[in-house]
Structures are given as structure tokens and as C-alpha cells.
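Below you'll find the structure, written out as C-alpha cells, and then a few comments.
The values are calculated or read from the model by the stated rules, or taken from the named source; none is laboratory data. Not measured: the values here are computed from a predicted model. Note that we place each Cβ from the backbone using ideal geometry, even for glycine, and neighbour counts take in every protein chain shown. Heads up: the accessible areas ignore ligands, DNA and RNA and are worked out on the full protein's heavy atoms, side chains in. Shrake-Rupley method; radii C 1.70, N 1.55, O 1.52, S 1.80 Å.
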Amino acid sequence: MPFMQFHRQGLVRRGYIGVLPLLLFVSAVCLAREKKDTIQFTNGDRITCEIIKLEKGYLYVKLDYVDGTVAMDWSKISKVESAQEFVVANKAGRRYTGNLESANQGTEPKELQVQVTGPSSSEVVPGKEVVEINRTDRTFWQNLHGGLSTGLNFSKEQSRTQYSFQANALFQRAKWSTSAKYQSTFSGGGNVSDLRNDLSLDITRQLRSPRNFYAGLAEFLQSDQQQLNLRTTLGAAVGHVFSSTNNSFVTGYGGLVWNREHYSSQATMGKTGKSGEFVLGTQLNFFRFKTTNILATANVYPSLTDLGRVRFDLNTSLKLRIAKDLYWNFGYYLNVDSRPPQNLPKTDYGSTSSLGWTF
């Protein structure tokens, strides 16, 4: 009897495997929209397409005669129409759901005006104020964005090897998002080696005012340079979006965190410390299409339980596009502790250069 049950389960599993490709095909067909959206450019040209999204100043569409998606400069578009539903976000963070219509029916518009018409309301949004357009039928994978990058260097003269690895992921919905970022660097040669691992997590939720948000924060840091086995930082903050345009995104936030540090036995006999801290931070992001992306995140942590101690973290990156989804990444990180235990190094810093891929 047990053998018969195992055999029957095996048949079921093979049946599922056979059906899986069919389910994936049917899902893809169901998610596909008809290419009946229309776009008119400032020079008078008009095309029929399927609108995918607006992101960082470029409208992504699909055409019957082109494989894949095509990016179009949003500032060169004078009219956009679609009977499908979209979520449209403006610079102030307000979001409107409905189909897209031209606010200048029957006339040649001098400036793009997007009319978002829903079941019970209709809003006209100036085109220069629109920063995001997303479909309402987006799947989990369509809401997931991220990237991977890695670099490797070897110096024969010093017999040293250096490597770096970075991974980041962002899952975004209309009013909330969650992200994760992991960085690892290693430098070794002879009798000296230095390993650093940093994992940061956060989740944000929009408040009643579209430009305000609250966030949960978490970071896990290991650094040989600071003889730090693990630093765990957990906390919460409230923040404000100062700028959200097609070329920039600037936020600031403040809150409270709990910090637990475990240093190596060589440094402090395995000492573990706990403290409460205030956090004040900012994130600056400047971009130009997919060719250039500059990101900087800075946090200051004044201690509430060890008065006079202040920590500072800085992470920066410059991404330069070299192909469709490939980019070259230059990064720099800095950790400063004004009062480390037993006169350990106050700073840890480094730079990376790596080849990356976005999805």
C-alpha cells in the first residue's frame, strides 16, 4: 500500500508538471492587453500601442511590429489616450485611478493634459506634473524591481584579491513599498584579510498627506575592520518627500532605533552592547532615463543612552548604463563611530567597481 500511494503521488506530480506550462501560457494571454492605446507627439506623429508604464521621465509601450518594450520621452508627448485603467501619480504624491483621455478633445493641445476618468470622478493632471503611470492589473513580478552587480580585482605585486557583490530588490504598490539591499566586500592577500557584509531592510507606508510616510527600518552589519561580529539596528521613523519628479527623488526622515553590538573576542572579550539611538537620515536619487543613476543615503545616529556617542553611515552609488539592462556601478561606503570600545578603529570605508544587471 505505501508503494501504491507513492506511485500515485508521482503520477500526480508529473501531471502537475505537464499542466504548468499551459497555466503559464494562459496567464500570459490573460494579462496581455490589446494594443489600442494612442499616443500623439509634439511634432504631430501618432502611434497605436499598448501602454505599459511611465517611469523616470519615459513612457514604456509595446508595439505590434517591435519585439519588447520601447521607451519614449514623456516631454515629447502631447496627447495620450487609453480605455484601460491605470494608476496615475503626480509630483505631490496624489494618485488617481481610471482610463486616460485627452483634456483637449477636438483641438491641438499646446501642452499635455492627462484626464484620468474613474467610475465616480474625473481629474485633469498637467503632463509635467505626472511622475508615474502604472497598470492596475500588474502581477507580483511586475511590481518587483532590483539588480545584481559583482566585481573582482587582483594585484600581482601585492598578491591581493578584492571582490564585491551587491544585490537590491524593491516591491512597490500604490501606497506602500518594501526594499532590501545587501552589500559584501572582501580584500585578502598574504596574512591580511578584510570582510564586510551589510544587509538593510525597510518598509514604508504613505500617510494621509501623500508626501508624508512612516517606515520600519532594519540593518545588520559585520565588519572585520571594526572587529564587529554583528551590529543589529531595528527601529521606526516618519519622513517627508521633498521632491518627486521625472529626474529626482529626495526624502528626509527621523525616528528612534535600538542598537545591539557584538564585537570579536580579540577586541573586547566578546563584549555585547545595547543602546537606544535617534536616527536622522536622507536619501537623494538623481537619474536620467537609464543612462545615469546617482543614489546617496546618509544616516546620523546620536545615542540616547550613551550621551556623546554619534554614529554616521553613508552609502553612495553611480550607475552608468552600458547596454539594455547592463550597467557599470561605482560605489562608496563610510561608517564612522565617534566612541568605539577599547580604541577600536573609528572609521571603515571603501569603494567598489562592478558590473551589474537590472530587472
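Which residues, taken from the stretch 118-145, are among the hydrophobic types (A, V, I, L, M, F, W, C), at pLDDT 85 or above and closer than 17 Å to Glu55 by Cβ? Matches in the stretch 118-145: Val125, Val130, Val131, Ile133.
Have a look at Arg196, Arg231, Arg260, Arg208 and point out the one that is part of a loop (DSSP other than H, G, I, E, B) and either within 22 Å of Arg94 (Cβ to Cβ) or not acidic (Asp, Glu) (or both).
Matching residue, one of Arg196, Arg231, Arg260, Arg208: Arg208.
In the stretch 255-270, the qualifying residues are those that are touching a Leu at 6+ places or on another chain (Cβ under 7 Å) and open to solvent by 20 Å² or more (accessible area, probe 1.4 Å), and the one that is nearest to Tyr349 (Cα to Cα) is His262.
Somewhere in the stretch 349-356, is a residue outside any strand (DSSP E or B) and touching a Ser or Thr at 6+ places or on another chain (Cβ under 8 Å)? Looking through the stretch 349-356, none of the residues is outside any strand (DSSP E or B) and touching a Ser or Thr at 6+ places or on another chain (Cβ under 8 Å).
Could you tell me whether the stretch 257-268 includes any residue that is farther than 30 Å from Phe359 by Cα and of a type in the set (Val, Ile, Thr)?
yes
Against the test of being within 29 Å of the chain's Cα centre (by Cα), surrounded by 16 or more Cβ atoms within 10 Å (Cβ to Cβ) and not small (Gly, Ala, Ser), the options Val66, Val70, Val114 yield a single qualifying residue, Val114.
Residue by residue, here is whether (1) buried (at least 16 other Cβ atoms within 10 Å of the Cβ); (2) modelled with pLDDT under 90 holds:
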site: Ala174; (1), (2): no, yes
site: Ser179; (1), (2): yes, no
site: Ser184; (1), (2): yes, no
site: Gly188; (1), (2): no, yes
site: Ser193; (1), (2): no, yes
site: Arg196; (1), (2): yes, no
site: Leu199; (1), (2): no, no
site: Thr204; (1), (2): yes, no
site: Leu207; (1), (2): no, no
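Condition check: open to solvent by 50 Å² or more (accessible area, probe 1.4 Å) and at negative phi. Does Asp313 satisfy that? For Asp313, the condition - open to solvent by 50 Å² or more (accessible area, probe 1.4 Å) and at negative phi - is not met. Here are some conditions: (1) at pLDDT 90 or above; (2) of a type outside the set (Gly, Ala, Ser); (3) open to solvent by less than 50 Å² (accessible area, probe 1.4 Å). Asn246 meets all but one. Which one does it not meet? The single condition Asn246 does not satisfy is (1).
Is it the case, given these coordinates, that Thr291 is more than 16 Å from the chain's Cα centre (by Cα) and surrounded by fewer than 17 Cβ atoms within 10 Å (Cβ to Cβ)? Against the criterion (more than 16 Å from the chain's Cα centre (by Cα) and surrounded by fewer than 17 Cβ atoms within 10 Å (Cβ to Cβ)), Thr291 qualifies.
Can you confirm whether Ser75 is open to solvent by 20 Å² or more (accessible area, probe 1.4 Å) and part of a helix (DSSP H, G or I)?
yes
Close Cβ contacts (under 8 Å, 6 or more residues apart or on different chains) running from residues in the stretch 336-353 that are within 30 Å of Thr150 (Cβ to Cβ) and open to solvent by less than 50 Å² (accessible area, probe 1.4 Å) to residues that are part of a strand (DSSP E or B) and basic (Lys, Arg) comprise Val336/Arg311; Asp337/Arg311; Asp348/Arg196; Gly350/Arg196. Got at least one residue in the stretch 317-333 being open to solvent by less than 60 Å² (accessible area, probe 1.4 Å), out of contact with any His (no Cβ under 9 Å at 6 or more places or on another chain), part of a loop (DSSP other than H, G, I, E, B) and in contact (Cβ under 8 Å) with a residue 24 or more places away in the chain? Looking for residues that are open to solvent by less than 60 Å² (accessible area, probe 1.4 Å), out of contact with any His (no Cβ under 9 Å at 6 or more places or on another chain), part of a loop (DSSP other than H, G, I, E, B) and in contact (Cβ under 8 Å) with a residue 24 or more places away in the chain, one finds at least one in the stretch 317-333, hence yes.
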